[in-house]
Amino acid sequence: MRNVIIVGSGPAGYTAAIYAARANLEPLLIASSVTAGGELMNTTEVENFPGFPEGIQGPELMQKMLEQAEKFGTEVLYDDVTELELTGEVKKVRTGNGQEFEAKAVILATGSAYRKLGVEGEERLSGFGVSWCATCDGFFFREKEIAVIGGGDSAMEEALFLTKFASKVTIVHRRDSLRASKIMQDRALANEKIEFAWNSEVAAIHGDPQVSKITLRDTITGQERDLAVEGVFVAIGFDPRVDLVKDQLALTPTGEIAVEGRSSRTSLPGVFAAGDVIDPTYRQAVTAAASGTVAAIDVEHYLASVNDTAAAHQFGVSNV
Amino acid sequence: MSEFVSAVTDATFNEEVLQSDIPVLVDFWATWCGPCVQVAPVLEAIAEEHQGKIKIVKLNVDENMDTAMAYKITSIPALKVFQNGEVVHASVGAKPKQILEQELAAFLG
């Protein structure tokens, strides 16, 4: 049986692995088969990670975190967790390849997934003009008019990136002011290729076989209008990935895994959570990394206490 | 270059893909696309395990814009299966091996 299994390979998972490995816990990190590295694999320049004044590419940063985790003895498995049994003292983790692992503790660092708009045409036109990855797909919209949906930092970042290709980018936002950080707002507002559709939400996406227009609804008057675009980039936020654990662990009202105070302790002993899957607010590479640290240290304390208890039982001592 | 997945270009697309006797899965990809790089080893494994049933090739969209545009690629990785010169299956995004194998079951024999 292993000491600890870490599920997830973003900044939280890798950082938890670095700390757990340095504490000689020989962690197994299950990284996923095709999305190893997490959300930062889809970003370009990361400018706000301390220690990289020149900026660093997202995938490169994740590669370095992986190397650092492996350097201290983390075992990395490129497979997907399909089932978790967290209630007993021994935690069971099953993967897509049919392997089963057992551990005394588990750290869940499964992150979050893109939130969908939930409008007509979105599902059908995914990959045919509707995209969740500007860095992957921006290239195909050279000299085309496109829309970016959202008002946060990721929406601004996508819109700015897409101006390299598109002839015009319309940012569609439900309110009349942006949620994005000041520096990202200023850059977007100053960009000649970017226009704003304020107080607007997407009512439907049209086109066959490719996106040709979207219908926008005014959030105040309810009035609808069409906007001709060939691409729609959705950046309206993320939902924590809790599918595998939502029937076993307590969640917060907003759907994250609930943890005790500033710790990573979930509602079950031996089960810890870190990163975006517990964080509805900050959701940064650095805060996720810090959260991974907290989880690794909590695991260390937990393992020390269960090992003490085991030793005590062995010597017939009770009430420790 | 990988052993079981060869590269095709605008120039070789007709012969290698459209004229093929067996189904061909074309992976439209680019070096700057993270998910494309992530799904590459999965395709390599599928190609190796199903040799003779399906041919898997990759087309770099940066270097072969004509073919990418002809098939109206707007998201990558785009995986399209060609049979007798026609697209018979299309999928977008990096997906785990088990899921891709389910999607492609009809062509894997």
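Observations on the structure shown:
- Compared with the dominant Cα axis of chain A, that is its longest principal axis, helix A:11-22 is turned about 20°.
- The interface between chain B and chain A buries about 1700 Å² of solvent-accessible area in total (1.4 Å probe, ligands and nucleic acids excluded).
- In plain terms, the C-alpha convex hull of segment A:103-214 casts an average shadow of 9.1 nm² when viewed from every direction.
- In chain A, the DSSP-assigned H stretches of four residues or longer account for a calculated mean residue ellipticity at 222 nm of -8000 deg cm²/dmol, using -39500 (n - 2.57) per stretch and the full residue count as denominator.
- Contact order for chain A, expressed relative to its length and based on alpha carbon pairs under 8 Å spaced 6+ residues apart, stands at 20 percent.
- Low-density loop positions, trypsin sites (Lys or Arg not before Pro), segment A:224-320 - DSSP coil, at most 13 other Cβ in 10 Å: A:K246, A:R262
- Label point at A:E100 placed 7 Å out along Cα→Cβ; residues across segment A:251-286 whose backbone nitrogen lies under 19 Å: none
- Low-density loop cleavage sites - GluC sites (Glu not before Pro) in segment A:112-175, where at most 11 other Cβ are within 10 Å (DSSP): A:E143
- 3J(HN,Hα) from dihedral phi, segment A:202-218, Karplus parametrisation 6.51/-1.76/1.60, rounded to Hz, x for glycine, proline: 7, 9, 6, 10, 10, x, 7, x, 10, 4, 10, 7, 10, 9, 9, 10, 5
- Remark: segment A:253-262, residue by residue, has Karplus-estimated 3J(HN,Hα) of x, 8, x, 7, 5, 6, 10, 7, x, 8 Hz, where x stands for each Gly or Pro and the curve is 6.51 cos²θ - 1.76 cosθ + 1.60 at θ = phi - 60°.
- Whether segment B:1-90 is rounded, prolate or oblate, judged on the alpha carbon gyration tensor where a/c under 1.5 counts as rounded: oblate
- Candidates A:N42, A:N191, A:N307: whichever shows maximal mean-square fluctuation once chain A is modelled as a Gaussian network with Cα springs under 10 Å: A:N307
- Overall form of chain A per C-alpha gyration tensor (a/c, 1.5; a/b vs b/c): prolate
- Relative contact order (percent, whole number), segment B:20-109, Cα cutoff 8 Å, 6+ residue spacing: 41
- Shielding by partners for peptide A:34-44, expressed as the average number of C-beta atoms from other protein chains within 10 Å of each residue's C-beta, is 4.
- Close amide-amide hydrogen proximity is noted between A:A203 and A:T215, A:L216, A:R217, each under 5 Å apart and 5 or more residues distant or on a separate chain (H modeled in the peptide plane; Pro and chain starts excluded).
- Bridge type composition, chain A - antiparallel percent by DSSP, nearest 5: 45
- Other-chain or far-sequence residues with amide H under 5 Å of A:N97's (modelled H): A:D80
- With 29 Å as the limit on Cα-Cα distance, the pairs of B:K72/B:K97; A:K193/B:K97; A:K144/B:K80; A:K144/B:K58; A:K71/A:K92 that go past it are A:K193/B:K97.
The values are calculated or read from the model by the stated rules, or taken from the named source; none is laboratory data. Note that the structure is a prediction, hence the values are computed from the model and not measured. Positions of Cβ are generated from backbone atoms using ideal geometry, with glycine treated the same way; all protein chains shown enter the neighbour counts. Ligands, DNA and RNA are stripped out before the accessible areas are found, and what is left, the full protein with its side chains, is counted by its heavy atoms. Shrake-Rupley method; radii C 1.70, N 1.55, O 1.52, S 1.80 Å.
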